[in-house]
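A quick write-up on the structure given underneath.
The values are calculated or read from the model by the stated rules, or taken from the named source; none is laboratory data. Because the structure is a prediction, the values reported are computed rather than measured. Neighbour counts run over all protein chains shown; Cβ positions are idealised from the backbone, glycine included. Accessible surface is based on the protein model in full, side chains and every heavy atom, while ligands, DNA and RNA are left aside. Shrake-Rupley method; radii C 1.70, N 1.55, O 1.52, S 1.80 Å.
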Amino acid sequence: MSVPPFSPEGAAESALRAGLSLGSDRHAVVAGTAHHILTVISRLRELDLAETPPAGSYRVQGR
């Protein structure tokens, strides 16, 4: 699944909704970082973890 690019304008609007003051020189950098995060999350959501036990139940052999 491809994630559409996060625009600098979208980053500015999201920052305002979150109550953050984001300088105009930061919009493009924040948009790029947000796009990267959203891309990684979308890949993680594609993983089939149905038979994977929670990490808390993992036991190392011999311990």
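Just a few scattered comments:
- Angle in degrees between helix 27-45 and the longest Cα principal axis of the chain, rounded to the nearest 10: 30 degrees
- Packing-based ranking, highest mean first, of 31-38, 45-52 given that Cβ atoms within 10 Å are counted: 31-38, 45-52
- Correct option for mean projected area of the Cα convex hull in nm² [calculated from the coordinates] among [x] 7.2; [y] 5.2; [z] 4.5: [x]
- Rounded accessible area per residue of the chain, 1.4 Å, Å²: 87 Å²
- Fully extending the segment from His36 to Glu9 would add 8.1 nm, taking 0.36 nm per residue of separation and subtracting the current Cα-Cα distance.
- Degrees separating the helix 8-17 axis from the principal Cα axis of the chain, which is the longest one: 80 degrees
- For the chain, with all protein chains in place and a probe radius of 1.4 Å, 59% of the accessible heavy-atom surface sits on carbon or sulfur.
- The label-point distance for Asp25 and Thr52, in a model that sets each label 7 Å from Cα toward Cβ, rounds to 4.1 nm.
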